[in-house]
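Structure record follows, encoded as structure tokens.
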Amino acid sequence: DKLRTITLQAAEIMMASQRPDVAGRLYHQAGEFVQAGEAYLQAGQLETASKCMHQAGETKRASEIGGRYYEARQQWKEAGMAYEGGGNFRKAGDCFWKANDPLQAGKNFERAREYYGAGMAMVHAHKWEDAVRFLQQLPEDHPHFNSSRGLLGRAFYELKDFAHSAATLENHLLG
């Protein structure tokens, strides 16, 4: 108990001395996994920070940090899985998009209620019915509403719904 107290005091001194890497090790030795994770995070040691957060039972925080770790290494699929596990579906969608996995990207964009991204992903996956469903949910004041109409017109065309395709594209082009 006395050793733990001294270890925690030393960790605090290391944090005050701008040595979060050393503080992280000390907090970890004392069994203070959240503080260790935060110290490692401050030191830029994302993988170790994530592991500490997992040990502390902070799975959502661990997943978010893990996502950042994999993203920094441009390991997009792994980053997407980590963000998805932490419930950050927008970031997961972005990472799966960069991993060239439009189905996973679309699934996560849908969960984030980012319907333009979901629609775009479904266009790239040639899932035309899903693309229509997502793109039709965009409100007119959405920043990508105009470009979504071109995608929607194409999706209708691919479904051989030429009447809707023509009407959508005509509205898109002529306003």
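When the Gaussian network model of the chain links Cα atoms closer than 10 Å, the mean-square fluctuations of 53, 14, 122 top out at 14. The calculated FRET efficiency for residue 5 paired with residue 75, based on their beta-carbon distance and R0 = 41 Å, is about 0.55.
Accessible surface for the range 1-75, divided over its residues, is 59 Å² per residue with a 1.4 Å probe. Of the residues 58, 32, the one with the largest accessible area comes first in the ranking 58, 32, computed with a 1.4 Å probe on protein heavy atoms.
Rounded to the nearest 20 debye, the dipole size of the chain about its Cα centre is 320 debye, using +1 on the Cβ of Lys and Arg and -1 on the Cβ of Asp and Glu.
Identify which of the listed values of Cα Rg over 2.2 N^0.38 Å was calculated from the structure shown: [x] 1.80; [y] 1.72; [z] 1.48. Step by step, Cα Rg over 2.2 N^0.38 Å for this structure corresponds to label [z]. Computed 3J(HN,Hα) for the range 79-90, one whole-Hz value per residue from the Karplus formula 6.51 cos²θ - 1.76 cosθ + 1.60 where θ = phi - 60°, is 4, x, 5, 5, 4, 4, x, x, x, 8, 6, 5, glycine and proline marked x. In order along the range 45-51, the Karplus-derived 3J(HN,Hα) couplings, from 6.51 cos²θ - 1.76 cosθ + 1.60 at θ = phi - 60°, round to 9, 5, 5, 5, 4, 4, 4 Hz, and Gly and Pro are given as x.
The label point for residue 103 and the one for residue 157, both projected 7 Å from the Cα toward the Cβ, are 2.6 nm apart. Take residue 161: with every protein chain present and a 1.4 Å probe, its accessible area is about 50 Å². Across the chain, C-alpha contacts under 8 Å between residues 6 or more apart give a mean separation that, scaled by the residue count, equals a relative contact order of 9 percent. Modelled label positions at residue 125 and residue 60, each set 7 Å beyond Cα in the direction of Cβ, lie 2.6 nm from each other.
Using the charge dipole of the range 64-175 (Lys, Arg: +1 at Cβ; Asp, Glu: -1 at Cβ; taken about the Cα centre), state which of 83, 132, 118 has its Cα farthest towards the positive end. Among 83, 132, 118, the one farthest towards the positive end of the dipole of the range 64-175 is 83. Straight-line cross-link partners of residue 127 among the lysines, defined as a Cα under 16 Å from its Cα and at least 8 positions apart when in the same chain: 107, 160. Between 22, 132, 123, the Gaussian network model of the chain with springs among Cα atoms under 10 angstrom shows the greatest mean-square fluctuation at 22. When the solvent-accessible area of the range 1-124 is split by element, carbon and sulfur atoms take up 47 percent of it, the probe being 1.4 Å. To make sure I understand the rule: partners must be aspartates and glutamates, Cα under 17 Å from the Cα of residue 60, and not fewer than 8 residues away in the same chain. Which ones qualify? Within reach: 38, 47, 71, 78, 84. Do you know the relative contact order of the range 64-118, to the nearest whole percent, from alpha carbon pairs under 8 angstrom that are 6+ apart? 26 percent. Taking a Cβ cut-off of under 13 Å around residue 123, the surrounding Lys, Arg, Asp and Glu residues balance to a net charge of +1, with basic ones at +1 and acidic ones at -1.
Which shape class applies to the range 33-73: rounded if a/c is under 1.5, otherwise prolate when a/b exceeds b/c and oblate if not, where a ≥ b ≥ c are the square roots of the Cα gyration tensor eigenvalues? Oblate is the answer for the range 33-73, as a/c is 1.5 or above yet b/c matches or exceeds a/b. Extending 7 Å from Cα along the Cβ direction at residue 18 and again at residue 144 yields two label points whose distance is 4.1 nm. Cα centroids of the range 1-54 and the range 96-144: 41 Å apart. Sequence-ordered 3J(HN,Hα) estimates for the range 5-19 from the Karplus curve with 6.51, -1.76 and 1.60 and θ = phi - 60° stand at 4, 5, 4, 5, 5, 5, 4, 5, 5, 5, 5, 5, 8, 6, 10 Hz, glycine and proline given as x.
The values are calculated or read from the model by the stated rules, or taken from the named source; none is laboratory data. A quick note: this is a predicted structure, and the numbers were derived from the prediction, not measured. Glycine also receives a Cβ, built like all others from the backbone with ideal geometry; neighbour counts cover every protein chain displayed. These accessible areas exclude ligands, DNA and RNA; they are computed on the full protein's heavy atoms, side chains included. Shrake-Rupley method; radii C 1.70, N 1.55, O 1.52, S 1.80 Å.
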